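Asker: Okay, here's the structure, questions in a sec.
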Amino acid sequence: MKLEKLNPSVKAATVLCSVIMLSFQYNITLNLTVFFSCLLLLLFFSNARIKHIIVILAPALLAAFGMFMMGLYYAKGNSITSAELTELSAVPYAVRAAMSTNLKSALQLGTRILSYAGLGILFALSTDGEEFISSLMHQCHLSPKFAYGILAAFHLMPSMVREFSQARLALRTRGMHVGPFSLKPVFAMLVNSIRWSESMAMAMESKGFAGNEPRTFYSVTKVHWYDLVFSVVCIGSILIFI
Amino acid sequence: MKVNWKLKDVLMIAIVSVLFGVVFLGATYTGGFLSGLLTPAGLTSLGYEPFYGIYFMAAAFAAYVIRKPGAGIIAEMLAAIIECLLGNYFGPIIILSGLVQGIGFEIIIALFRYKKYDLKTMCLASCVCSVVTLVYNLFISGYSQIAVPVLLLMLAVRLVSSIIFTAVITKLLADKLAKAGVLNGYAIGQNTAVDLEA
């Protein structure tokens, strides 16, 4: 049984429910348990490669560390007050006291990001994008117009990156300065992408794509009993912990 | 409130929101770098705030160009699903954030009954969106644990960022596009056409 086999919509809903439950909790052990359970699940029950997990987790770890530092310095109520700082003799004690009381908030904030990231990558690394969209169509009643629109835009992305650097280059060859926030290449790209969207819509419609009429599908995602078991087990174990 | 969306509209919004993502990807890297610098001072999250307005651009552009109820919300949701497909480490949580951002932006536009789209309205909508997303952060990111002055500083930076990116730059780009005639098939293009005749 692999995580990839689960229905993407059910998986996404489970992750979202877990996150909403965790957002009302300030439980460090719970957060860490969720994070490590997600990692273990990914390592043993999915095809995700360790290298991939590390690459996607690195920015998450940085964000968690950042939140930890922020909590350590600026958690509510326990911040170092100026009154405490003016009493010179009390400084080291005041700083230490603030740090020690803030440590808990800091850990709460930092581990919270970790638990979210754990749940997030559990989904991201075990889900195929097209299957997710297809499942949104069949389980969440997303209209095929939106589903195929999303897929079209998604697959256009590499060409957009290429076109954007070409637009910048074109301006530079004409001797114009192009900074990171210049609007000229953005404007050129906007014109391009609106034209693309029009011709793509025309192309899709001329191939017989009609968003509102019933259609057949090459693959139809279904909800199985094990999807519900996964969902119940995940949400249930968090509920028990609370 | 049910609006009939044409395939052309859906594709335009999806592609434009991906475009904003691609174009301003550099900004998020700058944000990451800035947060890194601010981490020793404990102000990590502040590093991303100057670029926060970029996240609302899809909603603002869609609402401004299409001028239909739900345009902003749908645009943010499309952008969020695409970001989810790209493999963001927050996964489906992004979709929830997208929904909040879209609703946050559309509150003001809806209050004006989808009729007013001047710079003032866009600025107001961006500001409300900033406040709504910060309230969302209070719960979801646990910002309620952070001291109020720091939160106010973050809100101030986010407000300025959203006015610059979401209101001013987005409106500027859309107006220029309408003038160039690229948006003639949309509500905004029809409005300018009327203006020219008058």
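Asker: How would you classify chain A from its alpha-carbon gyration tensor, with a ≥ b ≥ c the square roots of the eigenvalues: rounded for a/c under 1.5, else prolate if a/b is greater than b/c, otherwise oblate?
Answerer: Oblate, because a/c is 1.5 or more while a/b does not exceed b/c.
Asker: Next question, about the same structure. Here are some pairs, A:Lys2/A:Lys222; B:Lys115/B:Lys179; A:Lys222/B:Lys8; B:Lys8/B:Lys116; which of them have Cα atoms lying more than 22 Å apart in this structure?
Answerer: From the list (A:Lys2/A:Lys222; B:Lys115/B:Lys179; A:Lys222/B:Lys8; B:Lys8/B:Lys116), the Cα-Cα distance tops 22 Å for A:Lys222/B:Lys8; B:Lys8/B:Lys116.
Asker: Mind checking the mean number of beta-carbon atoms from other chains within 10 Å of the Cβ atoms in A:25-37?
Answerer: 0
Asker: If you build a Gaussian network model of chain A, linking Cα atoms that sit under 10 Å apart, which residue out of A:Thr216, A:Thr111, A:Thr33 swings the most?
Answerer: For chain A, modelled as a Gaussian network with Cα springs under 10 Å, the answer is A:Thr216.
Asker: Let me know the mean shielding of A:61-68 by other chains, meaning the per-residue number of their Cβ atoms within 10 Å of its Cβ.
Answerer: Mean number of neighbouring Cβ atoms from other chains: 5.
Asker: Return the residues of region B:31-45 for which accessible area with all protein chains present is lower than in the chain on its own by 10 Å² or more; set the probe to 1.4 Å and exclude ligands, DNA and RNA.
Answerer: B:Thr39, B:Pro40, B:Ala41, B:Gly42, B:Leu43, B:Thr44, B:Ser45
Asker: How large is Rg/Rh for region B:7-197, to two decimals, with Cα atoms and a Kirkwood Rh?
Answerer: My calculation of the ratio gives 0.98.
Asker: Note down the accessible area of B:Tyr48, probe 1.4 Å, to the nearest 10 Å².
Answerer: So the heavy atoms of B:Tyr48 present about 90 Å² to solvent.
Asker: Per 10 Å bin from zero, what fraction in whole % of the C-alpha pairs of region B:69-109 is there, up to the bin with the longest pair?
Answerer: For region B:69-109, the pair-distance distribution reads 36, 47, 16, 1.
Asker: Would you tally the net charge around A:Arg174, using a Cβ to Cβ cut-off of less than 15 Å, leaving A:Arg174 out, and scoring K and R as +1, D and E as -1?
Answerer: For residues surrounding A:Arg174, the net value is +3.
Asker: Does region B:124-164 come out rounded, prolate or oblate, given a ≥ b ≥ c as the square roots of the eigenvalues of its C-alpha gyration tensor, rounded meaning a/c under 1.5 and, failing that, prolate meaning a/b above b/c?
Answerer: oblate
Asker: By accessible area of protein heavy atoms, probe 1.4 Å, what ranking do A:Leu32, A:Leu239 get, highest first?
Answerer: In descending accessible area the options line up as A:Leu239, A:Leu32.
Asker: Moving on to the next point. How tilted is helix A:225-241 with respect to the longest principal axis of chain A? Cα atoms for both, answer in degrees (0 to 90, nearest 10).
Answerer: It is inclined by approximately 20 degrees.
Asker: Counting only other chains, what is the mean number of Cβ atoms within 10 angstrom of the Cβ of each residue in peptide A:195-205?
Answerer: 4
Asker: Would you please put A:174-181, B:169-176 in order of how densely packed they are, using the mean number of other Cβ atoms within 10 angstrom per residue and starting with the highest?
Answerer: B:169-176, A:174-181
Asker: Give me the dipole magnitude in Debye, nearest 20, for chain B about the Cα centre, with unit charges on the beta carbon: positive for Lys and Arg, negative for Asp and Glu.
Answerer: Here chain B has a charge dipole of around 420 debye.
Asker: Moving on. Suppose all protein chains stay in the model; what accessible area per residue would a 1.4 Å probe give for the protein assembly as shown, in Å²?
Answerer: Ligands and nucleic acids excluded, the figure is 47 Å² per residue.
Asker: Here is a follow-up. Treating only the Cβ of Lys, Arg, Asp and Glu as charged (+1, +1, -1, -1), what charge dipole size does the protein assembly as shown show about its Cα centre? Round to the nearest 20 debye.
Answerer: Roughly 480 debye, rounded to the nearest 20.
Asker: Could you tell me which of rounded, prolate or oblate describes the protein assembly as shown, using a ≥ b ≥ c as the square roots of the eigenvalues of the alpha-carbon gyration tensor, with rounded for a/c under 1.5 and, failing that, prolate when a/b is larger than b/c and oblate otherwise?
Answerer: oblate
Asker: Leaving out ligands, DNA and RNA, and with a 1.4 Å probe, what % of the accessible surface on region B:7-197 is carbon or sulfur?
Answerer: Here it works out to 72 percent.
Asker: Okay, next question. What residues qualify as long-range amide H neighbours of B:Ile146, i.e. H under 5 Å apart, gap of 5 or more or another chain, H built at 1.01 Å from N?
Answerer: A:Lys76
Asker: Along region A:113-129, what does the Karplus equation 6.51 cos²θ - 1.76 cosθ + 1.60 (θ = phi - 60°) give for ³J(HN,Hα), rounded to whole Hz, x for Gly and Pro?
Answerer: 4, 4, 5, 4, 5, x, 5, x, 6, 4, 6, 4, 8, 10, 10, 8, x
Asker: Related question: Can you tell me, using C-alpha contacts under 8 Å and at least 6 residues apart, the relative contact order of chain B as a whole percent?
Answerer: So the answer I get is 23 percent.
The values are calculated or read from the model by the stated rules, or taken from the named source; none is laboratory data. Remember, it's a predicted structure, so these values are computed and weren't measured experimentally. With ideal geometry, Cβ positions are generated from the backbone for all residues, glycine too; neighbour counts draw on all protein chains shown. Accessible surface is based on the protein model in full, side chains and every heavy atom, while ligands, DNA and RNA are left aside. Shrake-Rupley method; radii C 1.70, N 1.55, O 1.52, S 1.80 Å.
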